[in-house]
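Everything on this sheet refers to the single structure shown next.
The values are calculated or read from the model by the stated rules, or taken from the named source; none is laboratory data. Keep in mind the model is a prediction, meaning the values are calculated, not measured. As a convention, Cβ positions derive from the backbone with ideal geometry for all residues, glycine included, and neighbour counts pool all protein chains shown. What goes into the accessible areas is simple: the full protein's heavy atoms, side chains included, and nothing from ligands, DNA or RNA. Shrake-Rupley method; radii C 1.70, N 1.55, O 1.52, S 1.80 Å.
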Amino acid sequence: MSTDIAGALAARQASGEKPMSTHVYQCPVRWSDMDVYGVVNNVSFLRLLEEARVDFIWRLGAEQGDAFFAGGSVVVRHAIEYKRPLVHRHEPVAIHMWVSDIRAAAVTIEYEVRDAENLCALASTTMAPFNYEGRYPRTMTDAESTFFERFFNPRRAIP
């Protein structure tokens, strides 16, 4: 995280300002997400995280889609640590998300995937702003940084 953002966030927390938010997405687990062993496949897990991440970024911006996707972005890193098998169920799984790192040209989103009280996986995704038209990386806008700051918590899902 840039020192300017880190300092501003630390000052807000020291002043007693409300702690940052966590977004929870209730994600359906589809029959097709399972593999031949009867558990959610590792590729399907990435799709569940993508569905949650799109809900987080797209729906929570000031206007639909303007939080990060309107300017363009790409995934540059995924990490998943599986804790227990996830199987098909009629109730959705809760995917808890927060932002652990904000830089001028990257943001890291952390996840906890929970099946009721059971922790199924911890994950992390780093995304970078990208100009699709010009085909080059870009820096985040002030509006994008401000959006992600609302969900900042330095805790890493995968230590």
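Given (1) under 18 Å from residue 86 (Cα atoms); (2) in a loop (DSSP other than H, G, I, E, B), where does residue 111 come up short, assuming only one miss?
Of the numbered conditions (1) under 18 Å from residue 86 (Cα atoms); (2) in a loop (DSSP other than H, G, I, E, B), the odd one out for residue 111 is (2).
Considering only the range 61-79, state which residues are modelled with pLDDT under 90, surrounded by fewer than 15 Cβ atoms within 10 Å (Cβ to Cβ) and touching a strand residue (DSSP E or B) at 6+ places or on another chain (Cβ under 8 Å).
Answer for the range 61-79, where residues must be modelled with pLDDT under 90, surrounded by fewer than 15 Cβ atoms within 10 Å (Cβ to Cβ) and touching a strand residue (DSSP E or B) at 6+ places or on another chain (Cβ under 8 Å): there is none.
State which residue is nearest to residue 77 (Cα to Cα) when the search covers only the range 20-48 and only residues that are in contact (Cβ under 8 Å) with a residue 24 or more places away in the chain and surrounded by fewer than 13 Cβ atoms within 10 Å (Cβ to Cβ).
Of everything passing the filter in the range 20-48, 42 is nearest to residue 77 (Cα to Cα).
Can you name the number of the only condition in (1) in contact with a Lys or Arg (Cβ under 8 Å, 6 or more places away or on another chain); (2) acidic (Asp, Glu); (3) over 15 Å from residue 26 (Cα atoms); (4) at pLDDT below 95 that residue 142 fails?
Condition (1) is where residue 142 drops out.
Identify, by number, the condition in (1) within 22 Å of residue 59 (Cβ to Cβ); (2) at pLDDT below 95 that residue 157 doesn't meet.
Unmet for residue 157, out of (1) within 22 Å of residue 59 (Cβ to Cβ); (2) at pLDDT below 95: (2).
How many residues does the range 80-93 contain that are in a strand (DSSP E or B), open to solvent by 20 Å² or more (accessible area, probe 1.4 Å) and either touching a helix residue (DSSP H, G or I) at 6+ places or on another chain (Cβ under 7 Å) or not aromatic (Phe, Trp, Tyr) (or both)?
Matching residues across the range 80-93 total 2.
Inspect the range 102-111 for any residue being exposed (fewer than 15 other Cβ atoms within 10 Å of the Cβ), touching a Phe, Trp or Tyr at 6+ places or on another chain (Cβ under 6 Å) and not acidic (Asp, Glu) and give the result as yes or no.
For the range 102-111, residues exposed (fewer than 15 other Cβ atoms within 10 Å of the Cβ), touching a Phe, Trp or Tyr at 6+ places or on another chain (Cβ under 6 Å) and not acidic (Asp, Glu): absent.
Scanning the range 134-159 for residues that are part of a loop (DSSP other than H, G, I, E, B), charged (D, E, K, R) and in contact (Cβ under 8 Å) with a residue 12 or more places away in the chain, which turns out farthest from residue 121 (Cα to Cα)?
Checked the range 134-159; the qualifying residue farthest from residue 121 (Cα to Cα) is 138.
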